[in-house]
1. Just to be sure I understand: with springs between alpha-carbon atoms less than 10 Å apart, which residue in 77, 53, 16 has the highest mean-square fluctuation in the Gaussian network model of the chain?
2. For 74, 107, 85, what's the fewest-to-most ordering of other Cβ within 10 Å of each Cβ?
3. For the chain, what does -39500 (n - 2.57) per DSSP helix run (n ≥ 4), summed and divided by total residues, give at 222 nm, in deg cm²/dmol to the nearest 500?
4. For the chain, with only Lys/Arg (+1) and Asp/Glu (-1) charged at the beta-carbon, what is the dipole magnitude about the Cα centre, in debye rounded to 20?
5. I'd like the orientation of helix 46-60 relative to the chain: the angle between its Cα long axis and the longest Cα principal axis, in ° from 0 to 90, rounded to 10.
6. Looking at the P(r) of the range 1-53, how many percent of alpha-carbon pairs lie beyond 16 Å?
7. When every alpha-carbon pair in the chain is counted, what percent end up more than 18 Å apart?
8. State, as an integer percentage, the relative contact order of the chain based on alpha-carbon contacts under 8 Å between residues 6 or more apart.
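Read-outs throughout are calculated quantities, based only on the coordinates presented, and are distinct from any laboratory measurement. Predicted, not measured: the structure shown is a model, and the values here were computed from it. Here the Cβ positions follow ideal geometry from the backbone for every residue, glycine too, while neighbour counts run over all protein chains shown.
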Amino acid sequence: MTVTPSLMWSLLIAMAVTNLVFRLGPIALLSRVHLPLPVERWLSFVPASVMAALVATEVLRPGGRWVVPWHNVYLFAALPTALVYWKTKSFLGATVTGMLAFLALRYFLG
């Protein structure tokens, strides 16, 4: 099968529309419905849970493979990052701290 530019653009537009429908559909529906307080409270934990799952996977298994903890630069960089976020509640500050810690550790530890 030959992939032509028109086929590529058609697939790209179809994926964009599908993505838009699946993301905006629930938002549009839930914005008009009053959810019970326990459900709202439960849903408030979803973003933090997803972020934790994504970060934990990359910190504990960088590149998809297990690394011995004392050789894991990602794990060592995550420690000051978590500390900064815990103390300041600043996502930007934690991100900058994590990047600087990671770069410094990679430079000094290899």
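1. 16
2. Numbers: 74 19, 107 8, 85 16.
In order of increasing Cβ crowding within 10 Å: 107, 85, 74.
3. -26000 deg cm²/dmol
4. It comes to approximately 140 debye.
5. The answer is roughly 50 degrees.
6. In whole percent, the share of Cα-Cα pairs in the range 1-53 beyond 16 Å is 65.
7. For the chain, the share of Cα pairs beyond 18 Å comes to 69 percent.
8. Working: 41 pairs, mean separation 16.5, N = 110.
Dividing the mean separation by the residue count of the chain yields 15 percent.
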